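J.: Have a look at this one before I ask anything.
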Amino acid sequence: MSESNYRLVKILLLVFLTIWLLFTLFPLYFQLITSLKPVAEINAMIPTFWPKTLRLGNYAGIFADPGSLKSLIDSLIVSVCNTLLSLFLGTLAGYALARFLKGVIGENLAFWILSNRMFPPVAVLIPMFFLFDATPWGTDSYISLILLYLVFNLPLATWLMMVFFRDAPKELEEAAYLDGYTPLRAFFKVTLPLVFPGMISVAMLCWIFAWNEYLFANLLTGTTVKTFPVHIPSFTSGSQTLWNLVMAFSMVAMLPPVILFILLRRYMVRGLSLGVVKG
Amino acid sequence: MASVTLNNVNKIYDSRKGPVHAVQNMNLEIKDGEFVALLGPSGCGKTSTLRMIVGLEEISSGTIHFDDQVVNDLTPEKRNVAMAFETYALYPNFTIAENLGFPLEVRGIPESERRQKVQEIARLLRITDLLEQRPGQLSGGQQQRVSLGRALIRDPAVFILDEVMSHLDAHLKFQMLFELKRIHQSLGKTMIYVTHDQMEALALSDRVAVMANSILQQFGDRNDLYHRPANRFVADFIGEPATNFFEAEIREVSGSLSLQVNESLAFEMDANRQQAVRESGVQRAIVGLRPQYIGLEPLEGGGSVQTELLVNEYLGERSILDVQAGSALFRALAPPETSASRGERMTLHYHPGNVMVFHPESEVFLG
Amino acid sequence: MAHLELIEICKGFNEPVLDRLSFSVEKGEFFVVDGPSGIGKTTLLRCVAGLETLDGGRIMLDGQDVTREPPYRRKTAMTFESYALYPHLTVFENIASPLIAHKTDPATIRRRVQEVTTLLRIDHLLDRKPHEISGGQKQRTALGRTLIAKPKVFLLDEPISHLDAKIRAELRLQFHTLEELREVATIYVTHDYAEALSLGDRIGVMGNGGLVQIGTAHEVFLNPSSLFVARHLGQPSINEVSAELVQESGMLQVALGALKFPVAGKHAAVLQSRNQPQVTLGIRPQHIRLGTTLKSTDSTTLSAKVEVFEALGAYGVMMANLSGTSLTLLTDSESHYSAGEDVSLTLDTSEFFYFHPETGSNLMLGA
């Protein structure tokens, strides 16, 4: 490629990226400034792109309602518990599928597990309500959401862990056997550390799904347990939605995933690139 | 056919850790019809040099000429180079005949002419009975030949082979070496062969360009590289078994200089070398001696050293003697019938003319 | 009783790989299994290690039947071809792994690791991770992990085949001199016949399903039991020529096209009694010399034309045409020979092999 062609491509790339960046970042920007506006301004006919008055008090305001903090804590409880459960079960199942169930049966089983992730969640909305209603703890409980989210997170966790285990060289486990480790000890000493980056990225994916889930949380819960997506509609005054408070609350709810992602981005890249360090 | 000339060619890559100077001031003149090898360990810059010659990389500075034409800004097709790759890169869904004919088909050559050329190339490479098969049915060596054929069919000016032997086992490699030599003799094309295996390079080429650390170390024929290596690196890299190296002090006894490695081991030098060492004024030196130039046969006008045998390695066609003199360990070649055992004292003979002396710091060849 | 005994072991995947294979290794013996790639050498090692379950047969180790023992209870240790070093552990932790598995106390662990790493000259790398060290160092780390366990059998799977020639030569020397390896039984697997010849106390040449010949280096190289064995050992490959044995002037002669020359004295009687007129002659390249110097009374000098000549370093390889038959021979590397040149070849008939044209078995051995 000649010099001038190369430069042209670079410029086009820059232009394209700038447009793309504006497109993706604008909603976040608008969300931020809306969260800092007073009520009057948010309803203005012509939207303003910079708050005329900065109302930082919005952030304090949302926590005036004790439900806000509770909802964040409820979300935390449900998402963390579900993630741990999905990861635990998914890792064990993934290992079994990767190592022991090779061949036609194993492939079919693995695919069936993954296929559970393929149908639209709303299809099981009503059945799930009745199912949990019949249980002793009812629909409006932590356990119901934790178990329910398994329906979607467990196939994903199993499938991904299976792939990671497949990538981990079997020879390393065999070397461990020859060193004198039983298969169980070898699993903990050798295999698990190898797929650890993968486990982190699987945990992230499960956690984000559980954290953001609205549809089922809204239907099944609302009183005893109220996750933050369910709490957002409570920011109304009469018939008016207080968008500034909604945005402020959303900004707060966004913080945990963003912070986690920034802290663990190294693992996300490594885990998702499905490659294991070959020593 | 064309001559290839590199003038002060440089290649600098951008990387996260700063600029990487992959090829430094490369000057190379390859004659028309010559078979030249680019030899060096991985990372030495030979692949970058190759890619610049082919046109897959931009040249950071300097010029590359094919005959009299500057080719810096030409795309690979315009340069009329063809390349055979390490990984064959054959189209698995096409027959061998179709694979071979593909470069011509792309250029719109009519079918009758294509068929004729395919037959010619197949005959040259002795794969005529494979034309209707698919790559998957062929062995590694056969696929290799098809890959060569596909590159040759375009009748390029320069033919480039990039590590084409690395996936072949020892027996196949041997056969392929002869094949390539035969092809070069038949076609007389300018061929550039890139490898890290010095045996391949020496067997095939008229001249070898040895590279290390992005710099061309030496460009010469077998004789130059063996007997007049530019520096220690070349002496070490070229030759199998590897050259023995020793660190020695220059001792003067009644007007003549010798190389004292330790109390039990010293090497003599011929007159030319002594002169070169005297002129350089060094007090120490690095000594190089190839295992094939030290052995059990007494030589006229030769020197000898006393050693103790560590291991007699029987290798079928020859034996390698691992010996020790003082704290120095080195190797000598011996005929396979040699029956010496561990601990035996052996006298080994060498000719001072084969002793190579290098500068102790710069490692440049002194004589 | 032998330390390690393999009795009629059978193992197959989609097809049989090991078919009633039997051999035994004594305590302190270095047994090399040599064979072409893909023949099942690694499968053999894995069966001995317990990583594969046998379809049939038994394995006896130190008098006990270990056929059903899982790998973590057999006292075997193995170095993998890919080293299989734990990437998340340091060199120290990798080598200490077997001791940690057996819950040895930390003080002993530290002492033993220090011993082994000093021996293998990697004691300065203890804190590094596998991806921070070179190929040769990885190999030594893998070897250290195998040695430290003090197993009853060492299994080494092509430990040096991926390293370059220089490091291979160094490590071969180390294998020769490591006392630890001589205390127990060792099975060393390779596809490089030179390594096998150099290292093995006894060598087992592996063919389809089992070992086709077991013997010392000299035995398998100079007295191959079949064409397969002769073909596998030697670089360049042995010359295979179809010929006839005829009676002429009261002597048994070899008829090669228009040429006839007498069978060597030591072969004549046996060949006569075998009554096999059609044979495949096996002539090793090193037993054909250029020139007319008769090495022994059992030599024949014939004229030939040079086809190709390549100088390969310490020696040269020439293909010459002897009345329609192409023969490969070894020469010195200093002279130069061009295609079409007339040369004289002296064949050492006392070193000829005579193989059955169909079965390939050596006619000089057995019935």
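The values are calculated or read from the model by the stated rules, or taken from the named source; none is laboratory data. These numbers come from a predicted model, not from an experiment. A quick note on method: Cβ atoms are made from the backbone with ideal geometry, for glycine too, and the neighbour counts reach across all protein chains shown.
J.: When residues of the stretch C:272-288 are filtered for being more than 9 Å from chain B (Cβ to nearest Cβ), out of contact with any Pro (no Cβ under 8 Å at 6 or more places or on another chain) and surrounded by 20 or more Cβ atoms within 10 Å (Cβ to Cβ), how many remain?
T.: So the count comes out to 4.
J.: Here are the criteria: (1) over 30 Å from residue A:165 (Cβ atoms); (2) touching a Ser or Thr at 6+ places or on another chain (Cβ under 6 Å). Tell me which single one residue A:60 does not satisfy.
T.: Status for residue A:60: all satisfied but (2).
J.: Could you grab me the full set of residues in the stretch C:294-315 that are at the interface with chain B (Cβ under 10 Å from one of its Cβ atoms) and touching an Asp or Glu at 6+ places or on another chain (Cβ under 6 Å)?
T.: C:313
J.: What tally of residues in the stretch B:166-193 results from selecting those that are away from chain C (no Cβ under 12 Å), assigned to a loop (DSSP other than H, G, I, E, B) and surrounded by fewer than 19 Cβ atoms within 10 Å (Cβ to Cβ)?
T.: 1
J.: May I pose another question? Which of the residues belonging to the stretch B:298-337 are of a type in the set (S, T, N, Q), assigned to a strand (DSSP E or B) and closer than 22 Å to residue C:167 by Cβ?
T.: Within the stretch B:298-337, B:312, B:319, B:324 qualify.
J.: Here's a follow-up. Just checking, does the stretch C:196-213 include any residue being touching a His at 6+ places or on another chain (Cβ under 7 Å), among the β-branched types (Val, Ile, Thr) and either in contact (Cβ under 8 Å) with a residue 60 or more places away in the chain or over 22 Å from residue C:121 (Cα atoms) (or both)?
T.: Yes, the stretch C:196-213 contains a residue that is touching a His at 6+ places or on another chain (Cβ under 7 Å), among the β-branched types (Val, Ile, Thr) and either in contact (Cβ under 8 Å) with a residue 60 or more places away in the chain or over 22 Å from residue C:121 (Cα atoms) (or both).
J.: Tell me, which residue of the stretch B:342-367 that is buried (at least 17 other Cβ atoms within 10 Å of the Cβ) and aliphatic (A, V, I, L, M) is nearest to residue B:330 (Cα to Cα)?
T.: Here the residue is B:348.
J.: Considering only residues that are at pLDDT below 90 and touching a Leu at 6+ places or on another chain (Cβ under 6 Å), which ones fall in the stretch A:202-248?
T.: Correct list: A:235 only.
J.: Taking residue B:84, is it within 18 Å of the chain's Cα centre (by Cα), modelled with pLDDT under 90, buried (at least 20 other Cβ atoms within 10 Å of the Cβ) and more than 14 Å from chain A (Cβ to nearest Cβ)?
T.: Criteria met by residue B:84.
J.: Here's another thing I want to ask about it. Just need a number here: residues in the stretch C:136-163 that are within 12 Å of chain A (Cβ to nearest Cβ) and either touching a Lys or Arg at 6+ places or on another chain (Cβ under 7 Å) or part of a loop (DSSP other than H, G, I, E, B) (or both).
T.: Residues in the stretch C:136-163 being within 12 Å of chain A (Cβ to nearest Cβ) and either touching a Lys or Arg at 6+ places or on another chain (Cβ under 7 Å) or part of a loop (DSSP other than H, G, I, E, B) (or both): 4 in total.
J.: Another one. If you go through the stretch C:264-280, how many residues are over 28 Å from residue C:343 (Cβ atoms) and part of a strand (DSSP E or B)?
T.: 1
J.: Can you find a residue that is without any contact (Cβ under 8 Å) to a residue 40 or more places away in the chain and either among the hydrophobic types (A, V, I, L, M, F, W, C) or buried (at least 20 other Cβ atoms within 10 Å of the Cβ) (or both) anywhere in the stretch C:225-234?
T.: yes
J.: While we're here: Of the residues B:77, B:34, which is touching a residue at least 60 places away in the same chain (Cβ under 8 Å) and out of contact with any His (no Cβ under 7 Å at 6 or more places or on another chain)?
T.: B:34
J.: Going by the structure shown, is residue C:348 within 14 Å of another protein chain (Cβ to nearest Cβ) and within 22 Å of residue B:177 (Cα to Cα)?
T.: Considered against the rule, which asks whether it is within 14 Å of another protein chain (Cβ to nearest Cβ) and within 22 Å of residue B:177 (Cα to Cα), residue C:348 comes out as no.
J.: In the stretch C:119-135, what residues are within 11 Å of chain A (Cβ to nearest Cβ) and within 26 Å of residue C:51 (Cβ to Cβ)?
T.: Of everything in the stretch C:119-135, those that are within 11 Å of chain A (Cβ to nearest Cβ) and within 26 Å of residue C:51 (Cβ to Cβ) turn out to be C:129, C:130, C:131, C:133.
J.: May I pose another question? Can you name the residue in the stretch C:164-175 that is touching a Lys or Arg at 6+ places or on another chain (Cβ under 9 Å) and at the interface with another protein chain (Cβ under 9 Å from one of its Cβ atoms) and, of all such residues, is surrounded by the fewest Cβ atoms within 10 Å (Cβ to Cβ)?
T.: Among those residues, the one meeting the criterion is C:173.
J.: Let me ask something additional. Read through the list (1) over 19 Å from residue A:77 (Cα atoms); (2) in a loop (DSSP other than H, G, I, E, B), then give the number of the only condition that residue A:164 fails.
T.: Checking residue A:164 against (1) over 19 Å from residue A:77 (Cα atoms); (2) in a loop (DSSP other than H, G, I, E, B), the one that fails is (2).
J.: A follow-up question, please. Please go through the stretch C:335-366 and pick out each residue that is free of Cβ contacts under 8 Å to residues at least 40 places away in the same chain and surrounded by 12 or more Cβ atoms within 10 Å (Cβ to Cβ).
T.: Matches in the stretch C:335-366: C:337, C:339, C:341.
J.: Taking the residues in the stretch A:173-186 that are part of a helix (DSSP H, G or I) and crowded, with 23+ Cβ neighbours inside 10 Å as candidates, determine which candidate is farthest from the other protein chains (Cβ to nearest Cβ).
T.: So, considering only residues that are part of a helix (DSSP H, G or I) and crowded, with 23+ Cβ neighbours inside 10 Å, the one farthest from the other protein chains (Cβ to nearest Cβ) is A:176.
J.: OK, next. Could you please find all residues in the stretch B:329-354 being over 30 Å from residue C:229 (Cα atoms) and within 14 Å of chain C (Cβ to nearest Cβ)?
T.: Those that are over 30 Å from residue C:229 (Cα atoms) and within 14 Å of chain C (Cβ to nearest Cβ): B:329, B:330, B:343, B:351, B:353, B:354.
J.: When the stretch C:324-367 is examined, which residues are found to be in contact with a Ser or Thr (Cβ under 9 Å, 6 or more places away or on another chain) and at positive phi?
T.: Once the filter is applied, which keeps residues that are in contact with a Ser or Thr (Cβ under 9 Å, 6 or more places away or on another chain) and at positive phi, the stretch C:324-367 yields C:360, C:366.
J.: Is it the case, given these coordinates, that residue C:27 is of a type in the set (Lys, Arg) and over 19 Å from residue C:183 (Cα atoms)?
T.: no
J.: Scan the stretch B:317-334 and tell me whether some residue there is at pLDDT below 95 and out of contact with any strand residue (DSSP E or B) (no Cβ under 9 Å at 6 or more places or on another chain).
T.: No, the stretch B:317-334 contains no residue that is at pLDDT below 95 and out of contact with any strand residue (DSSP E or B) (no Cβ under 9 Å at 6 or more places or on another chain).
J.: Still on this structure: Only one of C:229, C:254 is more than 14 Å from chain B (Cβ to nearest Cβ) and either at negative phi or in contact with a strand residue (DSSP E or B) (Cβ under 7 Å, 6 or more places away or on another chain) (or both); which?
T.: Residue meeting the stated conditions: C:254.
J.: Criterion first (farther than 20 Å from residue B:358 by Cβ, away from every other protein chain (no Cβ under 14 Å), charged (D, E, K, R) and surrounded by fewer than 18 Cβ atoms within 10 Å (Cβ to Cβ)) does residue B:300 satisfy it?
T.: Spelling it out, residue B:300 is indeed farther than 20 Å from residue B:358 by Cβ, away from every other protein chain (no Cβ under 14 Å), charged (D, E, K, R) and surrounded by fewer than 18 Cβ atoms within 10 Å (Cβ to Cβ).
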